[in-house]
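The next block holds one structure in the form of structure tokens; read it before the comments.
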Amino acid sequence: MTADAVDGARYVVLGDVVGSREIDDREAFRETFADARRRIADEYADDVAAGPSVLKGIDEMAAVLTSLETFYDVVLVLHDALYPHGIRLAVASGEIEVGGNGDVAHMDGEAFHRATELLESIEADDLRVGLDTGADPLDTAVADEINLLVHLRESWTDRQRDVVGRYERAGTQRAVAEELAVSQQAVSNVLQGASWPLVETVEARLRRTLAAYDEVDDG
């Protein structure tokens, strides 16, 4: 990392919207994408050193993170906001050079080059997430875990997506049942159909693994 690098920066995240040419209402999508980026910058400010910013058009973005602890939450914000469109995200560590006014669009360095190569690689393999911090095979295993979770979430019906979202916000099946004016058993059935108990457990374990990346770097 160069002397003028962003304080605490460790990871570059590059994103590319999947199938952006097929977006009909591009202005509406632009606003949706902007709202998602603002939410990430606000909610995860402790982990975001720069961005997320659009690099060009409406389909490419970049950010610089100080930690991977909340990276999966960033993935989910983008996944939920951009649905039914997807986004590919490549994360890489390495030297980060700051230029201009510190805007991520004017940054360069090894981490950006590695992230660019990784983004091309996961696109060729039709994956959603790639991770390159030099910690193979852990990087591959963690990225594949995220890819499988995203794939599962993309397979949910609108009903399953709605109920899971409400459950994540409310925290109990009873609260969701009251919101939807249905029985608690009906909510439970939808969650079971979405493999939610398993997804919830795996996601919690994934977040602990991502937090451990920072402990390794600090060690």
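The values are calculated or read from the model by the stated rules, or taken from the named source; none is laboratory data. From a predicted model like this one, the values you see are computed outputs, not experimental measurements. Reconstructed Cβ throughout: ideal geometry from the backbone, glycine too, with neighbour counts over all protein chains shown. Only protein heavy atoms, including side chains, enter the accessible area calculation; ligands, DNA and RNA are left aside. Shrake-Rupley method; radii C 1.70, N 1.55, O 1.52, S 1.80 Å.
Sub-8 Å Cβ pairs linking a first residue in the stretch 3-21 that is over 30 Å from residue 85 (Cα atoms) and of a type in the set (A, V, I, L, M) to a second residue that is at pLDDT 80 or above and not in a loop (DSSP other than H, G, I, E, B), at least 6 apart or interchain, are 5/97; 6/49; 6/50; 6/64, ordered by first then second residue. Annotation: residue 76 fulfils all but one of (1) part of a strand (DSSP E or B); (2) out of contact with any Ser or Thr (no Cβ under 7 Å at 6 or more places or on another chain); (3) open to solvent by less than 60 Å² (accessible area, probe 1.4 Å); the unmet one is (1).
Contact map, the stretch 166-184: first residue free of Cβ contacts under 8 Å to residues at least 60 places away in the same chain, second residue outside any helix (DSSP H, G or I) and loosely packed, with under 15 Cβ neighbours inside 10 Å, Cβ cut-off under 8 Å, separation 6 or more or different chains; pairs are 177/183.
Considering the stretch 136-219, the qualifying helices (runs of 4 or more DSSP H), each wholly inside and each with 3 or more residues that are of a type in the set (Val, Ile, Thr), under 20 Å from residue 69 (Cα atoms) and open to solvent by 20 Å² or more (accessible area, probe 1.4 Å), run over 196-218.
So is residue 89 part of a strand (DSSP E or B), open to solvent by 20 Å² or more (accessible area, probe 1.4 Å) and closer than 25 Å to residue 121 by Cα or not? Walk me through it before giving the result.
Values: part of a strand (DSSP E or B): yes; open to solvent by 20 Å² or more (accessible area, probe 1.4 Å): no; closer than 25 Å to residue 121 by Cα: yes.
Here the answer is no, as residue 89 does not meet what is asked.
Among the conditions (1) over 22 Å from the mean Cα position of the chain (by Cα); (2) modelled with pLDDT under 95, the only one that residue 211 does not satisfy is (1).
Every residue, every condition in (1) open to solvent by 40 Å² or more (accessible area, probe 1.4 Å); (2) closer than 21 Å to residue 211 by Cα; (3) modelled with pLDDT of 80 or more; (4) not in a helix (DSSP H, G or I), yes or no:
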| position | (1), (2), (3), (4) |
| --- | --- |
| 4 | yes, no, no, yes |
| 12 | no, yes, yes, yes |
| 16 | no, no, yes, yes |
| 27 | yes, no, yes, no |
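From (1) closer than 27 Å to residue 215 by Cα; (2) of a type outside the set (Gly, Ala, Ser); (3) surrounded by fewer than 21 Cβ atoms within 10 Å (Cβ to Cβ); (4) under 16 Å from the mean Cα position of the chain (by Cα), pick out the condition that doesn't hold for residue 38. Going through the list (1) closer than 27 Å to residue 215 by Cα; (2) of a type outside the set (Gly, Ala, Ser); (3) surrounded by fewer than 21 Cβ atoms within 10 Å (Cβ to Cβ); (4) under 16 Å from the mean Cα position of the chain (by Cα), residue 38 breaks only (1).
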